[in-house]
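Following: one structure in structure tokens, then a few remarks.
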Amino acid sequence: MPEGAGERIEGRMHGQGNVDEMLAIWHLTPVDENRTIAKLELLIVPKLPLPGSVVTPELEYASDQAVSAMRDRTEAQSRGAQTEHRQDTAAN
């Protein structure tokens, strides 16, 4: 859904594995033609009553993995698009 100059993407999951509820919200804000700021909000409610000292490191790890995977995927797509553009330009 649109959010100012950017976009907001939400995902929810209920009752899978050891997670009672999960909410992930990505905020994507374009900086220029080649760069976008991506922010992730992640809420995880475990099924078991665990102290924050146990949950927080796991949440930090999950957030890091999600942001790193998004970065890797978008950079790979960007490199692929640049390669296609160079091939099209060279063919013409």
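The values are calculated or read from the model by the stated rules, or taken from the named source; none is laboratory data. This one's a predicted model, so the numbers in the text were calculated from it and none came from an experiment. Here Cβ is always computed from backbone atoms with ideal geometry, including for glycine, and neighbour counts include all displayed protein chains.
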Residues located in the stretch 35-73, provided they are in a helix (DSSP H, G or I), farther than 19 Å from GLU21 by Cα and hydrophobic (A, V, I, L, M, F, W, C): VAL67, ALA69, MET70
Run down ALA5, ALA38 and say which single residue is closer than 17 Å to ARG71 by Cα and among the small types (Gly, Ala, Ser). ALA38
Is it the case, given these coordinates, that ILE25 is among the β-branched types (Val, Ile, Thr), within 18 Å of MET13 (Cα to Cα) and either at pLDDT 90 or above or touching a His at 6+ places or on another chain (Cβ under 6 Å) (or both)? yes
If you take the residues in the stretch 46-81 that are under 19 Å from the mean Cα position of the chain (by Cα) and β-branched (Val, Ile, Thr), which one is surrounded by the fewest Cβ atoms within 10 Å (Cβ to Cβ)? THR56
Within the stretch 21-31, identify whether any single residue is more than 25 Å from GLU3 (Cβ to Cβ) and either in contact (Cβ under 8 Å) with a residue 60 or more places away in the chain or among the β-branched types (Val, Ile, Thr) (or both), and answer yes or no. no
Check on LEU42, at pLDDT 85 or above, surrounded by 13 or more Cβ atoms within 10 Å (Cβ to Cβ) and of a type outside the set (S, T, N, Q): yes
